[in-house]
1. Could you please give the count of residues in the range 66-108 that are without any contact (Cβ under 8 Å) to a residue 12 or more places away in the chain and aliphatic (A, V, I, L, M)?
2. Here are some conditions: (1) among the polar types (S, T, N, Q); (2) surrounded by 15 or more Cβ atoms within 10 Å (Cβ to Cβ); (3) at pLDDT below 80. THR96 meets all but one. Which one does it not meet?
3. I'd like the full set of residues that are modelled with pLDDT of 85 or more and under 15 Å from LEU49 (Cα atoms), limited to the range 75-84.
4. Look through the range 121-156, keep the residues that are within 36 Å of the chain's Cα centre (by Cα) and outside any helix (DSSP H, G or I), and return whichever of them is farthest from GLU63 (Cα to Cα).
5. For the range 40-65, which residues satisfy the criterion of being in a loop (DSSP other than H, G, I, E, B) and in contact (Cβ under 8 Å) with a residue 40 or more places away in the chain?
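The values are calculated or read from the model by the stated rules, or taken from the named source; none is laboratory data. From a predicted model like this one, the values you see are computed outputs, not experimental measurements. Ideal geometry is used to build each Cβ from the backbone, glycine not excepted, and the neighbour counts take in all protein chains shown.
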Amino acid sequence: MLYTPSSDLGGTMQNHAYNDGHRIQPWGITMPSKKSNRGSNFGQCMVELRKAVGYTQMELAKELGISQRVISHHEGRAEHPPTAVLPALAKAFGVTTDELLGVIPVKKARNPDTRQERRLQQIQRLDPKRRKQIMQLIDTFIEAEQLKQKANAGNS
């Protein structure tokens with residue numbers, strides 16, 4: 001089958017079989033010579049969101065089921081965002097994928113989960129006996145801190 005150029009191409013192409021050498025680019029389209037810096041913008045956005053939510057790289061990696069090395073790579077040197085984990089990453093940060101990719105600005109009004117809130121949610125999923133033990137431990141630390149503060153207030 002032969003390709004016949006339309007008249008709007010100015011007749012610059014000749015009839016050739018489809019795979020027989022395309023010599024002329026009548027539209028003047030060229031590929032950009034520079035690499036896009038979008039990847040680095042994504043990495044910086046990822047760092048800022050991770051820190052805002054209170055994750056360390058290790059905690060985020062564990063949450064997503066990937067290695068800390070992968071997180072570090074995407075934050076620093078990745079050319080493209082990690083498409084396989086974008087939905088989970090957006091969920092972990094409490095943003096949409098569009099916000100994560102920089103398509104739309106991140107809404108500042110969001111109140112992302114803090115590290116403590118995530119821990120409390122994990123504690124709530126434990127069996128009642130374990131929850132009680134953890135709460136007793138937390139109460140002990142809180143009481144010790146309160147006593148310390150009272151002692152310091154009495155010394156001043």
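1. Total meeting the criteria: 4.
2. THR96 satisfies every listed condition except (3).
3. If the condition is that a residue be modelled with pLDDT of 85 or more and under 15 Å from LEU49 (Cα atoms), then GLU75, GLY76 are the ones that fit.
4. Taking the candidates together, the pick is ASP127.
5. GLY54, TYR55 - these are the residues of the range 40-65 that are in a loop (DSSP other than H, G, I, E, B) and in contact (Cβ under 8 Å) with a residue 40 or more places away in the chain.
Conditions tested, residue by residue: (1) under 42 Å from the mean Cα position of the chain (by Cα); (2) under 30 Å from VAL95 (Cα atoms); (3) exposed (fewer than 12 other Cβ atoms within 10 Å of the Cβ); (4) at pLDDT below 85.
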site: MET1; (1), (2), (3), (4): no, no, yes, yes
site: GLY10; (1), (2), (3), (4): no, no, yes, yes
site: LYS35; (1), (2), (3), (4): yes, yes, yes, yes
site: ASN41; (1), (2), (3), (4): yes, yes, no, yes
site: MET46; (1), (2), (3), (4): yes, yes, no, no
site: TYR55; (1), (2), (3), (4): yes, yes, no, no
site: GLN68; (1), (2), (3), (4): yes, yes, no, no
site: HIS73; (1), (2), (3), (4): yes, yes, no, no
